[in-house]
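Here is the structure we will look at, set down as structure tokens.
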Amino acid sequence: MKLFDSHCHLDDMAYDKDIDAVIKRAHDAGVVACMIVGTDKESSIKAVALAESINGIYASVGIHPHEAQSCSESILKFLIDLAENPRVCAWGEIGLDFNRMYSPQHDQEKWFIRQLEIAGKCNLPVIFHERDSKGRLLEIVKTHHKNGRKGVVHCFSGDRAELEQYINLGLYIGITGVLTLKKRGADLRKLAPIIPVEQILIETDAPYLTPAPEKNRTRRNEPAFVRPILFKLAEIRKEDPEYLASATWENSCRLFNII
């Protein structure tokens, strides 16, 4: 079984002391590829450096909505240059987050739209972040993310109507460890079976969103824990884990243009 953690943050300082052990545990669990997702200039730099130094690691660059108020054209120019590195396979994590509002809505929308334009010019798939945008992200995507452009809705947490719109737009759907959580994952478990198998990805969002039962012994998530997410997803969808592992691997490679 070959697994791809399509969204993690191994650039986080939580891994500074034991990154080699984390990678070994991932390999032992069958996780042979990971996408490290940038959220600002510094994390994007570190993500690319890790991708260059570790086999099977890829990177994305971008400005997260939490960091939107600190974004600028000069920062984006730096990221455009960084994206020329062959280990960079996506632009993101970008989008809207109206839950915590670490950046004003105006700034979030301005730099989200600008980064969609950049991703298009760079011909890179987009990693979308959406939380409590009440349909606004969908509106912007429909206007500024042209049909045929690839992307994934990271850590999907919406309702059925939103899910169906994302699917109809041809976007991939990222499933995290939330799926395994008894209360928080109840709605997601109802929706997971309707996602077309060719549009589903598995991801950890490590070091966040540790799945059950691993969360009972450690707070820090890591790529190895994408394996229990895969098995829970297979159980819910009534699919063979080997089949689903192969499908999500192929989906990740197709999305990120990895041969």
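A few points about this structure:
- Residue that is farthest from Leu137 (Cα to Cα) [pool: residues in region 52-66 that are under 16 Å from the mean Cα position of the chain (by Cα) and outside any loop (DSSP other than H, G, I, E, B)]: Ile57
- Each residue in region 1-39 was checked for being of a type in the set (Gly, Ala, Ser) and assigned to a strand (DSSP E or B), and 2 of them qualify.
- Out of Ala49, Ala21, sole residue that is closer than 25 Å to Arg220 by Cα, over 19 Å from the mean Cα position of the chain (by Cα) and either at pLDDT 95 or above or surrounded by 15 or more Cβ atoms within 10 Å (Cβ to Cβ) (or both): Ala21
- Evaluation of Asn55 against the conditions (1) among the polar types (S, T, N, Q); (2) free of Cβ contacts under 8 Å to residues at least 24 places away in the same chain; (3) touching a Cys at 6+ places or on another chain (Cβ under 9 Å) shows that the sole unmet condition is (3).
- Among the residues making up region 120-140, those that are in contact (Cβ under 8 Å) with a residue 40 or more places away in the chain and closer than 20 Å to Gly174 by Cβ are Leu124, Pro125, Ile127, Phe128, His129, Arg136, Leu137, Ile140.
- In region 201-259, of all residues being of a type in the set (Ser, Thr, Tyr) and either surrounded by fewer than 19 Cβ atoms within 10 Å (Cβ to Cβ) or in contact (Cβ under 8 Å) with a residue 40 or more places away in the chain (or both), the one that is farthest from Tyr172 (Cα to Cα) corresponds to Thr218.
- Apart from one condition, Tyr15 fits all of (1) in contact (Cβ under 8 Å) with a residue 60 or more places away in the chain; (2) closer than 26 Å to Ile200 by Cβ; the exception is (2).
- In region 122-140, residue surrounded by the most Cβ atoms within 10 Å (Cβ to Cβ) [restricted to those that are in a loop (DSSP other than H, G, I, E, B) and out of contact with any Asp or Glu (no Cβ under 8 Å at 6 or more places or on another chain)]: Leu124
- Within region 180-195, tally of residues that are assigned to a loop (DSSP other than H, G, I, E, B), aliphatic (A, V, I, L, M) and either surrounded by fewer than 19 Cβ atoms within 10 Å (Cβ to Cβ) or over 17 Å from the mean Cα position of the chain (by Cα) (or both): 1
- Conditions (1) more than 17 Å from the chain's Cα centre (by Cα); (2) part of a helix (DSSP H, G or I); (3) surrounded by fewer than 21 Cβ atoms within 10 Å (Cβ to Cβ); number of the one not met by Glu198: (1)
- So Phe112, is it of a type in the set (Phe, Trp, Tyr), modelled with pLDDT of 95 or more and not in a helix (DSSP H, G or I): no
- Reported count of residues in region 141-174, each being buried (at least 18 other Cβ atoms within 10 Å of the Cβ), modelled with pLDDT of 95 or more and closer than 21 Å to Asn257 by Cβ, is 11.
- When the test is whether a residue is without any contact (Cβ under 8 Å) to a residue 60 or more places away in the chain, among the polar types (S, T, N, Q), over 30 Å from Glu214 (Cβ atoms) and in contact with a strand residue (DSSP E or B) (Cβ under 8 Å, 6 or more places away or on another chain), Gln108 passes it.
The values are calculated or read from the model by the stated rules, or taken from the named source; none is laboratory data. Just so it is clear, the structure is predicted and the values come from calculations on it, not from any experiment. Heads up, the Cβs are rebuilt from the backbone with ideal geometry, glycines too, and the neighbour counts pull from every protein chain shown.
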